[in-house]
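The next block holds one structure in the form of structure tokens; read it before the comments.
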Amino acid sequence: MRLEFTSFSSRMLLYNFLLFLAACSAVATPQNYADSNQDDTFLDDDAGDLDVSDPEETDFNREVVHGWHEGEDLQLFLSDTDSESESTDDDYDGSVTKAANHGDMGGSSEGTDSEQEEADVWTEEMLEEDGFIPVYSESTGDTDIPEGRQNMFVRLLTMLLLVWQTLFKVSDNAVHSLLLAFKLFIQVVGNAYGADSIVGLSGAIPASLHTLRKCIGLDRNNFVRFVVCPKCMTRYTMEEAYDTKRNGSKVSRKCEFVPFYSHPHRRSELRHKCGTVLMKKMKSVKGDEYMYPKSTYCYKSVVESLQILVRRSGFQEMCERWRERSDYCNGMADVYDGKVWQEFQHVNGTPFLAEPNNLAFMANCDWYQPFKHSEYSVGVLYLVVLNLPREERFKEENMIVVGLIPGPKEPKLNINTFLEPLVEELQDLWKGVLLTDNSRLGEQLYRAALICLSSDIPAARKCGGFVGHGALRGCSKCLRTFTRTRFRTKADYSGFDRTTLIPRVSADHVRFAKMARRAKTKAERKRIEDQYGARWSELFRLPYYDAVRSVVIDPMHNLLLGTAKHVFKVWVELGVLDKKAFDVIQSRIDSMKVPRDVGRIPRKIASGFSGFTADQWKNWTCVFSLFCLKGLIDSNQYEMWSEFVLACRLLCSREILYDNLAIADYHLRKFLSMFAELCGARHCTPNMHLHLHLKECIEDFGPVYSFWCFSFERYNGMLGKYQHNNRNIEVQIMRKFQQYKQLSLISWPGGYEESFKHALMERKVSCASATTTSRFLPDVLVLDNSSHVEPLPPFRKTVISEDVRSMLLGMYHTVYPGTDIEHLDLFSMSCTRVRCNGVTLSVNTCRSERSACVHAHWCCSNPGSEEPTVDPNTEDRPAVLREVILVHLVLGNGRRCSHAVARVTWYEYHPQRWFYGRGIPVQVWGLSFEPESPASFIPVERLAGRSVASTSVVQFGRMEERVNVIVPLCTIAE
Ligand SMILES: [Zn+2]
Ligand SMILES: [Zn+2]
């Protein structure tokens, strides 16, 4: 996977470099052109002998030739590039030391830093770019690049390298060596063609990334670095963290935080200053002393980030697009249909979302581990602009990274120290700030509010001012107490009667939290926190913030990583599933034909589902489990699990009807009561209690796709891909991110933007996320499905036979009775793949036949009649997609139109169709197919979706029979 990726990025780079050379040659002087033409023979003669008469160049050539012949320099250089993968491993080793240093509180661990590390990595340039503070000298002057040497090509090459680096998350070291290689290569080319201008260009190319970035005015350090006390997490500005002595040298200050000023015991430690030293000293290669924070919080101003966003063309328009959506009265399609969005239209009588330029944010806070084999965790605080269309808002370029919370560990109780700068900015944003944009005025007043906090449960509690889920009042939505019979035993989380729950009220919660904050002793604070389950959060300072409703329960963690995983664990523990069952499950999964993009369950089920990702739990639950578990577990347990699966299939959809939300809630509650009965109260978890509150979260914020953490998880994966070494990991990640943001704003020189970007983005475009056009299409006859359906190449010319023609016309007459079809072209095109509502369907004959199983309400087999008939109101049935025909029609009014029609074969009924249970999304169908009829032709937009099929032997009572087992994919997988 990784290899594939790398080879792809290098191919892209090569292509771009050729483009770059083409650009260079196109602008090269005619004289150079002539030179190069003349010299063609010279090149062919002897490419190795680069000796030219010009003395200056000869010198240079000797050097180069020397290098190539001796193989020394080249060898050195090559080993630099080649060892890239190894060097990441080295980085890892270094990271361990670094991680240890971060945790260190003594501040005397310099000696333990390996000498090699210092010699390799800590050069003055890097240190100063990192913002390290020289202990004695004042900051040195910058190495400026002379204006004259800055030509277009250098900037072009800079953009090329840096954009490539950010797109494919390549390490600085790799780009640096590539830069040197390019420099050398251009020199070689210039010499070979005897072109002074090209040799000159090589000389103008900076030899360091630092200077390269300066060429295009890139400032990766435009964020704030706070110094954080590694012991108590108190935050200081850089200037607050050191003193300057009379002789000009600088010394670190100590942390001055006092935990409890008015602690009743005068001699209590808590009345005294924390006293931890904030900065560390280190020496550079030259032996100069530098100071740097033991722990750094990187914070990027939200207003500045917003400024970048609103200046981007099209951003404002995208933010207003939600107003044009058609009303969705029976259900919810996005966050805009939720109650909270409606309530924020007007706040205290003044219009907020009801007017343009007012934005609503969703915040997410998550910890991830940047080093593969080390426990070091970095927290990331993001904001998402909910006004953006759903397919836009989670894109990397549209998300706002607010802060990187330093490791090595997650803070235990709260993250107020990191939220504080954000809250201050949010307060300004609520009043309104002037931002420069593309409007006619040049600037406008923008306002913003944080309306939603979506994180995994522990992070949500830390951000939102709640106690952990294991506490007495461990629910963030209600005041239910979870008592323990004895100290250190598990609390009882059963009792799933919603009517007995007393909901939390925001105002009360904030009041309790204030009490806890004012407490004079640690014990008193703990008592208040325990009693009310409330803790202070800086977010409570926001005037509009609802402490209870804003904190959503993330369905990904709650349902999939929570309960789905837990039930499996309990089954193993209770002996419901044994080792033999795992093997059967594995073979059943292997028999299923699953569309490639749905993702398979890894072949390690036998190991007990350990290490499944959220995506895999989602597929297991919604697609595989009911088919795989049939007959392997007790039928009561199967019934219980079916309730859970049915709920998940309904809830985990892009759009949800109010009726389905109520049904899903019913299934969930049924599952909960069955679980408590079958598996025992002691196995109930806090997650299960939270299921009771999922419905209200969805009512508040719309379908789960608008707020669940899947979107962030992927983002964290991307952040993890950034290459970095062990120095100052938080700073590095933040800088990489700043580089990305700024590059998107800098225009390419010389009008080459289009061609280069196109070349670099090829892959990015091809794997763009599925659009989320509504699945619910209008019932009106539109004989033109071009807006939702996109037939994919290659296309094949085909002639429609007389039989097919009459069946097609038969279908049109039944489905569109009012439409007069004048003519149907016999010559048409067909293809094997078609994209419909963001899902790619492939026909059975092409390579990806796994996407060939579809289902639709269309085919009706009448008893007594041989041929099935078309009926769009009949029940849902599975079929195999055989061909996609682009039918050209002339309608009665003379209008021509093309229509993508799927040719399918319908599975025949099987008497055991409901063997898995009525209403269960696993059905048994026959091995043979219905005969071809007008019903075999169905407009592509009428297909309801894809299915997963397995041809396998099923035990029906005493009889064994080979049948087709079909599981329709729910919208979640689509
Ligand atoms: Zn401290
Ligand atoms: Zn509750």
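At K273 and T814, where each label point lies 7 Å from the Cα along Cα→Cβ, what is the point-to-point distance in nanometres?
Label at K273, label at T814, 8.6 nm between them.
Simple spin-label model, 7 Å along Cα-to-Cβ: N873 to V251 in nm?
Once both label points are built, they end up 8.9 nm from each other.
Which FRET efficiency value, to the nearest 0.05, do you get for K579 and I821 by plugging their Cβ-Cβ distance into 1/(1 + (r/R0)^6) with R0 = 51 Å? Before the final figure, lay out each step's value.
Details: r = 62 Å, r/R0 = 1.21.
E(calc), rounded to 0.05, equals 0.25.
Three principal axis extents, largest first, for the C-alpha atoms of the range 216-329, in Å?
Computed over the range 216-329, the largest-to-smallest principal extents equal 66, 51, 22 Å.
If R₀ is 22 angstrom, what is the calculated FRET efficiency for the pair R312 and H758, using the beta carbon separation as r and rounding to 0.05?
Values: r = 19 Å, r/R0 = 0.85.
Computed FRET efficiency for R312 and H758: 0.75.
Once both labels are modelled 7 Å past Cα along the beta-carbon direction, what's the S301-S326 spacing in nm?
The modelled label-to-label distance comes out at 4.5 nm.
May I ask you to compute the full-extension gain from K372 to K797, defined as 0.36 nm times their residue separation minus their alpha-carbon distance, rounded to one decimal in nm?
Values: separation 425, 0.36 × 425 = 153.00 nm, distance 5.19 nm.
Difference between extended and current length: 147.8 nm.
Nearest 20 debye, what's the magnitude of the dipole of the range 555-706 about its Cα centre given +1 on Lys and Arg Cβ and -1 on Asp and Glu Cβ? Mind showing how you got there, number by number?
Values: 18 positive and 16 negative charges, 134 e Å.
With Lys and Arg at +1 and Asp and Glu at -1, about 640 debye.
Setting aside same-chain residues fewer than 8 positions from K183, which lysines have a Cα under 29 Å from its Cα?
Straight-distance partners of K183: K169, K214, K286, K721, K736, K741, K757, K764.
The range 861-920 to the range 520-579: how many Å between their Cα centroids?
Computed from Cα coordinates, the inter-centre distance equals 47 Å.
In 5 Å bins starting at 0, how do the alpha-carbon pair distances of the range 918-974 split up by percent?
Over the range 918-974, the share of Cα pairs per 5 Å bin runs 4, 14, 18, 22, 21, 12, 6, 2, 0 percent.
What ranking, highest mean first, results for peptides 583-593, 203-213, 413-423 when packing means the other Cβ atoms within 10 Å averaged over each residue? Could you put the intermediate results ahead of the total?
Working: 583-593: 16.7, 203-213: 18.3, 413-423: 19.9.
The most tightly packed comes first, giving 413-423, 203-213, 583-593.
Kindly give the semi-axes, whole Å and largest first, of the ellipsoid equivalent to the range 789-968, taking each as the square root of 5 times a Cα gyration tensor eigenvalue.
On the way: eigenvalues 189, 67, 36 Å².
Square roots of five times the eigenvalues give 31, 18, 13 Å.
Q345 label point, 7 Å along Cα→Cβ, cut-off 17 Å on backbone N: hits in the range 381-402?
Once the point is set 7 Å along Cα→Cβ of Q345, 387 turn out to lie under 17 Å by backbone N, inside the range 381-402.
Are there any GluC sites (Glu not before Pro) in the range 860-968 that are in a DSSP loop and have at most 15 other Cβ atoms within 10 Å? List them by number.
Numbers: sites: E866, E875, E883, E908, E932, E941, E960, E961; in loops: E866, E875, E932.
Filter output for the range 860-968: E866, E875.
Can you compute 3J(HN,Hα) from phi for each residue in the range 290-307, using the Karplus curve 6.51 cos²θ - 1.76 cosθ + 1.60 with θ = phi - 60°, rounded to whole Hz and x for Gly and Pro?
With coefficients 6.51, -1.76 and 1.60, one gets 10, 10, 8, x, 5, 8, 10, 10, 8, 10, 10, 4, 5, 4, 5, 5, 5, 4 Hz.
Could you order peptides 437-443, 216-222, 645-651 by the average number of other Cβ atoms within 10 Å of their residues, highest first?
645-651, 216-222, 437-443
Using the beta-carbon distance between I746 and S262 and R0 = 56 Å, what value does 1/(1 + (r/R0)^6) give for FRET efficiency, to the nearest 0.05? Walk me through the numbers before you get to the answer.
On the way: r = 54 Å, r/R0 = 0.96.
Using R0 = 56 Å, I get an efficiency of 0.55.
Place the peptides 800-812, 264-276 in order of packing, highest mean first, counting for every residue the other Cβ atoms within 10 Å and averaging per peptide.
On the way: 800-812: 16.7, 264-276: 12.3.
Listed from highest to lowest mean packing, they are 800-812, 264-276.
For the range 555-706, what is the largest minus smallest coordinate of the Cα atoms on each principal axis, given in angstrom and ordered from greatest to least?
The principal-axis extents, from largest down, are 43, 39, 24 Å.
Taking Cα centroids, how far is the range 271-310 from the range 619-649 in Å?
Answer, in whole Å: 51.
Every number in this text was worked out from the coordinates using simple rules, so none of it is lab data. This one's a predicted model, so the numbers in the text were calculated from it and none came from an experiment. All Cβ positions, glycine included, derive from the backbone under ideal geometry; neighbour counts span all protein chains shown.
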